[in-house]
Structures are given as C-alpha cells and as structure tokens.
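These notes are about the structure you will find just below.
Nothing in this text is a laboratory measurement; each read-out follows from the coordinates by a stated rule. Please read these numbers as outputs of a predicted model, since none were measured by experiment. Backbone-built Cβ (ideal geometry, glycine too); neighbour counts: all protein chains shown.
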Amino acid sequence: MAKTEISKKDFEKALQVGRPPNIQRLFPNSRALIVSGKVIDRAMRAKGKAMAMAANARNQLIIRGVLQAAQKANAAVIIEIAKSEGGTKAYCAVNYWNMATFVDAICNELGITIPVAIHADHYGIRSEKDLSAAKVEIPSFFEAGMTSIAIDASHLPDDQNLLANIAIHPYIPPWAGLETEVGEIKGEQGLSTVEEALFLIQGLNAHDIFPDWIALNNGTTHGIEEKDSGIQVQLTADIHRALEKYQISGAQHGTSGNSSERLRQIVQKTQTTKANVATALQMISWGVQVNDYGNAILDANGNFSKVEGEGMTEELWAEMVSYAQTKNWKKGDYKNLNLPFENKLFAQPKEIRDRMAKGVEEFAYRMMTEVFNCQDTAPYAIEAILQRGSYDLGPKATRIEDPSDWTEGKIVERASGLVSDKGPAGKFDD
C-alpha cells in the first residue's frame, strides 16, 4: 500500500533522531531534515522501482528549484556536487564546503520537509597524490555538512581501484551514504563487465565495506549527449543481478543525454535507486532550449538556443555567449561559465531569478513523477529513520567473502586475471 502522508509527530521525531551528528552541530536550530544518503536509497528500495533524483547544484537556483519539486512530489531527494564542479579546482561557486549551508538555508526558508541528502559526487582518485589529499579533504567536507560520498577511483586499474576504496574508507563516517564506481564513464567504449563489478564489490565486502550504490560505465556519458547509444539497460540489469546477494543498488550517471523512455527502463528493469541529473538542470536554469528529458537542443549552426522569456535575461545570456567565444569554448565547455557568472545571475531582478528556479522545478517535478517514479518516497525515508531510531541505518549487507582471500597481494593477483577493455585514455570528467 502506497505511503503518501507524513504525520507532524513522525516528522518531528525524524527531525530529532534522523539528522547526522555533523548536521546537528552545524545547524542546531534547523528544521531541515538533512539525512544520510543511506536513507534515500532505503526509501527507493522500500517503494520499489524508484530512483531518487540526485541533482547537481551548479548554482543555488537549481537547489531551490529541485527542493520545491521534491516537496511538491513528496519525494526524498539528493543534492550533490562533483569534484570537478565543486572541489578545489571547481568551475562552480557551489562547492563541497558550502553546499550543505545553502541547502539548509533554502529548506528553512521554503518550509521544505522532505528528507534531503548532501552528496559529494565523483570524488576522483587517480594517483597516490590524490589519495593523500583525500585523507585531508574528505573529513573537511563532512565537517562542512556532507552526508554521502561517491569514491570514484574508476580511472585506475581494477586492483588499484579496489585498494584505493579500501584505503580511504576509514576517513568516511560509518553512517554516511557510500557510492563506489567501476568503469570510467566514457560512453559506448570501455563498458563495465560483470566480472569487474564482482571483483570490486567482493573485495570491499571482504574488508567489511558495504557500499549503498555502484556506478558503472553502462554506455552513457556526462554532459551533452551527441549520439543515441546511451544507457545499456540489459548490461546494467545483468551486473545488478550478479551483485544481488551483496545488496547494492545502482547509481545512474549521465541521465541528461538519455530519453525518458530509456530512463524508465532503467527504473523498471534494474536495481538503480539514484539518478544523477546535472547538465539538464544547468541548461534549464539558464533558459536554454532542451528536449523532454533535458538534453540541449542545438540550432542549425550547432549553437545553444536561448528561449526568450525563460531563464536568465537575454542580455546576460548574450554576455555569457560572448565570454565563451572569447575563450574559444565548445558546447561542452559552457559549464565553465558557472563560476565567473554566479554573482551576475544573482544580480538579476527577483522575477528573473524566480523564473530560473521555476523552470528547474517544473522539469524536476516531471522527471520525479513521470520518469523516476520517486513521488511519495519521503514517508518511506522517515519510516526507515523511525524504525531504526537513528540517523545511522547501518549496512544493508553482511560480510560474505573471506578476508584471507582478499589481501593486497591476492587482490593484485586476482586482478591480473580479469579480462576487460577500459576504452580510450583521455579526460572524461563530468
């Protein structure tokens, strides 16, 4: 039977016990129900065949629009930012260290009562230097209000990916949501395999590490999709089926380039509970013309088409385009406009800022209710908190694998027997 309502008593209790320690410390008087990413995953699994929107907050108006949509849809939701977007070399003003403050403030201003997780997406580890930095940076942004993280060492060989995940795990709070990744997101090349996914999850399991989500290279890309290859639904389903006894859900990256029908297939035929939406929300907030699932529509000359009367003012858009042209930026580089133009976006009149957020709200609500099937998942999230009586829901899985089979030496030996195609080298950041 569907759950659609949250009693005031249940909300108050969830607010009391469901907020992690860092959130309680940072926002002691807040009425925003900021929760672990684990809570969001459990809510989607409890409803069944539902994916939470994980919205990349490239500007504050995206946060506002997505939260309004989630409240309207009664949906548990994730607000996230990736390392490239919001790390130490960020191209956005919203970052790992201020995003929780923005979310908390907007929730309180708007009276948002649905559960929200704050997720550090794509925390990339490509080298020993990155691993050393991670041991300092990861605690710092949990101190700043993060409640969930994706460790992305997928750029490394399989053994090094697994070993990096193991090495960084002590620096992540045990109550936090955890995502891991196998296969670098690079479209139809270098697709993940069942064997690679099993290797990663079995090795983590042996070390008492139980991720909530696994992300795959299942055929999609980040940013603007120019081909129709998109998500390989059957491959995703096969990998999820092989991982079933480890109780891990899927995280779907690169949704903006995939049709609504393909995304519905992911919901219905796989164990995916988290769907990242980034480029679509950016474009919609700006007022760029998109199709029904958020991929930018280009004009006859291959340029973005700004819809008059939507998003930012026409004058500011012209200034942004001119700036990009002086930098010789291609379509995929327009994301770099976020940081230099953040303050100019907020210097626009209130009615313009409101319509930017409203465009995001309308798109996000449609995706939540017509594609992701995550409407009315907020009560399941609150029920999970109340049943546990805590912000810490614990792991879904238990240890199955023998640790003696997964020492560092045996991990390297096992990896040497994997047959895989990692695809071409290159820069594939989101």
Would you calculate the volume per residue, in Å³, of the smallest convex hull containing every Cα atom of segment 1-154?
110
In which sequence would L178, L393, L281 go, from the one with the fewest C-beta neighbours within 10 Å to the one with the most?
L393, L178, L281
Sparsely packed GluC sites (Glu not before Pro) within segment 371-412, loop by DSSP, other Cβ within 10 Å at most 16
E401
Order of L339, L110 under a 10 Å beta carbon neighbour criterion, fewest first
L110, L339
Measure of compaction for the chain (Cα Rg per 2.2 N^0.38 Å):
0.93
Just the number, please: Stokes-Einstein D of segment 269-315 in µm²/s, Kirkwood Rh from C-alpha pairs, 37 °C, 0.692 mPa s.
275
Given axes a ≥ b ≥ c from the Cα gyration tensor, I'd like to know whether segment 306-430 is rounded (a/c under 1.5), prolate (a/b larger than b/c) or oblate.
oblate
Values of log10 I(q)/I(0), in the order q = 0.14, 0.19, 0.22, 0.31 Å⁻¹, for segment 344-387 under a Debye, Cα-only, solvent-free model
-0.54, -0.69, -0.75, -0.97
If one computes the Cα centroid of segment 245-264 and of segment 157-172, what distance in Å separates the two points?
24
Apply the Karplus parameterisation 6.51 cos²θ - 1.76 cosθ + 1.60, with θ equal to phi minus 60°, to every residue of segment 81-88 and state each ³J(HN,Hα) to the nearest whole Hz, in sequence, with x for glycine and proline.
8, 8, 4, 5, 6, x, x, 6
Using just the C-alpha positions of segment 371-413 as equal point scatterers, what log10 of I(q)/I(0) does the Debye formula give at each q in 0.18 1/Å?
-0.69
Compute the distance from the alpha-carbon center of segment 53-94 to that of segment 326-378, in whole Å.
9
Which values of log₁₀ I(q)/I(0), to two decimal places, follow from the Debye formula for segment 308-363 at q = 0.16, 0.23 Å⁻¹ with a uniform point scatterer at every Cα?
-0.52, -0.97
What is the dipole size for the chain, taken about its Cα centre, with +1 at each Lys and Arg Cβ and -1 at each Asp and Glu Cβ, in debye to the nearest 20?
940
Rank the residues D158, D376, D402 as a footprinting-exposure proxy: fewest other Cβ atoms within 10 Å of their Cβ go first.
D402, D376, D158
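For segment 91-204, what is the convex hull volume of its Cα atoms per residue in Å³?
On the way: hull volume 15.8 nm³, N = 114.
Per residue, the Cα convex hull of segment 91-204 comes to 139 Å³.
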Projected onto their principal axes, the Cα atoms of segment 54-129 stretch, largest extent first, over whole-Å spans of 43, 19, 14
Amide H proximity to A120 below 5 Å, modelled H, separation 5+ or other chain, gives T147, S148, I149, A150
A student applying the Cα gyration tensor rule (rounded when a/c is under 1.5; otherwise prolate if a/b is larger than b/c, oblate if not) would label segment 283-344 oblate
Obtain the nm distance between the two label points defined at V419 and S322 by a simple spin-label model: each point lies 7 Å from its Cα along the Cα-to-C-beta direction.
5.9
Karplus (6.51, -1.76, 1.60) ³J(HN,Hα), θ = phi - 60°, over segment 277-282, in Hz, Gly and Pro reported as x
10, 10, 4, 4, 5, 4
Using the Kirkwood radius over Cα pairs of segment 215-366, the Stokes-Einstein translational diffusion coefficient at 20 °C and 1.002 mPa s, in µm²/s and rounded to a whole number, is 128
For segment 1-74, what number results from the quotient of the Cα radius of gyration and 2.2 N^0.38 Å?
1.20
How large is ³J(HN,Hα), in whole Hz, for each residue of segment 117-127 in order, when computed from phi with the Karplus curve 6.51 cos²θ - 1.76 cosθ + 1.60 and θ = phi - 60°, using x for Gly and Pro?
9, 10, 10, 8, 8, 6, 6, x, 10, 10, 7
Between S249 and residues 5 or more places away or on another chain, which pairs have amide H atoms under 5 Å apart, with H built 1.01 Å from N, and which residues are they?
W213, I214
